[in-house]
1. Counting other Cβ atoms within 10 Å of each Cβ, which GluC sites (Glu not before Pro) in segment 300-378 have at most 13 and sit in a DSSP loop?
2. Given the options Thr228, Ile183, Ser147, identify the residue whose Cα lies farthest towards the positive end of the charge dipole of segment 103-247 (+1 on Cβ of Lys, Arg; -1 on Cβ of Asp, Glu).
3. Quote the relative contact order of segment 234-375 in percent (integer), defining contacts as alpha-carbon pairs under 8 Å separated by 6+ residues.
4. Charges only on Cβ, +1 for Lys and Arg, -1 for Asp and Glu: so what's the dipole of segment 261-326 about the Cα centre, in debye to the nearest 20?
5. Give me the percent relative contact order of segment 271-344, please, defined on Cα pairs under 8 angstrom at least 6 residues apart.
6. Can you compute the modelled spin-label distance between Gln182 and Thr124, with each label point 7 Å from Cα toward Cβ, in nm?
7. For the pairs Lys116/Lys304; Lys116/Lys184; Lys155/Lys284; Lys155/Lys329, flag any whose C-alpha to C-alpha distance is greater than 21 Å.
8. Just tell me which aspartates and glutamates come within less than 17 Å, Cα to Cα, of Lys170; anything on the same chain fewer than 8 places away is out.
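A short reminder: the numbers here are calculations on the coordinates, not readings from a lab. These numbers were taken from a predicted model, which means no experiment stands behind them. For neighbour counting, all protein chains shown are included, and Cβ atoms are generated from backbone atoms with ideal geometry for every residue, glycine included.
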Amino acid sequence: MANAQSPRPQAVERESGSWTLVDKQEGARKKRRIKQADQTTGLSGHQPKHNATSVQCRSTKQRLINVPSWNLLDPNFRQHLATFRTEGCVGFGLQTERLVLRPCRPEDLPGVQKIKTEPIVQKTQLYGSPSNDDCRDAFLNRYIRSSMPRLSVSKPMQCRDEYVFAITLKDPPSVVLQPPGQIKMTSRLTSAEGYVGNIALSLDPRKRSYHLYPRPGRVFTHPTLTHTKEAQLTGNMFYELHPQLWGCGLMSEAFGEVLRFAIEEVGCTAIICNPMTTNRASIKLCEKNGMRHTKTNRDNEYRKPQAFHEITRDEWWMRHQRGDEIKDKFGGRPTCRWCMNFHIERLDHRCHNCNWALYCSIECQQADWMRQGGHQSECSAEHTPSATVS
């Protein structure tokens, strides 16, 4: 997918109060939990455990952090990344028989570069020939941002931008790498460990809806199928896999799971996939999953022909559920305002001032409070500097 770069503002901070942790060891526990979450397999049923810890917002020197659209991985901002990339964010994932689909991490950069800079892959994609710096500053920056849905850029205050999942294998030695052939030396794999590709679902509400994103004054709940239907929420899938793993059925496995996720859990009313007309493998993948060819055009900045395929929610349901009534799996569930991880059931933390801001962890609550334009700006006018948040 094409990614146009825009000016990259540096991280900006201002002071207006401070966080005081009653439990002095909470910061150390947070770092350990984040590290452990990054080492987990990203199970969809993963639910972090938290100790109820009281946090006070005082009038003495609080640093609010402006999160830039770019440069999340730049040293000027990376020191703050762990504050916003909470356990609820990094713990959201999906599984298939052989794969774990998890949020992308900064250490995935070498894997991203091996794929993005490989000419064999570039022939199947729209983005041209990105440099190694582009892989970090544009692509990986975007992938990591997607795991923090409140940092939406393209549709602020309307809907999260997208879900981007790193493709990893449960048992890497069980998969035999294809011979490298014409793959350039710097792009070749020596094992199937770690990041081997990605698959993503970008979201586009055709109509404005107040149910798709946290709003001031109301407890955020995961949108119901009725809400997403009213918003005409459409998903667009894009993906890539290292060429030494082509032909193993891995992308077919990932594609089917993300398509299910988009319909059953996110609630999309239609899913679109638009591979290049020369990418026969992707076109066959669309057809295998019941997608219909709707049009072919060159409406992209590279003027490359794309074959658009689509499947509606009703079509997918009839295909996979044998005509049973469409069931709403997560719609209406109260959900953390920061990570928006609707797989987590327990919301043990709330703002004592407004009472409608609910969080799955103290880390998510702190992230929402410390972000410039976050909960501090949306909390009720009656908020006093000494109000306790827990």
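1. Those satisfying the criteria are Glu301, Glu325, Glu345.
2. Sorting the options by dipole projection puts first Thr228.
3. 16 percent
4. For this selection, approximately 540 debye.
5. Computed value for segment 271-344: 27 percent relative contact order.
6. Here the answer is 1.4 nm between the modelled labels.
7. Lys155/Lys284; Lys155/Lys329
8. Asp38, Glu97, Asp108, Glu193, Glu253, Glu257
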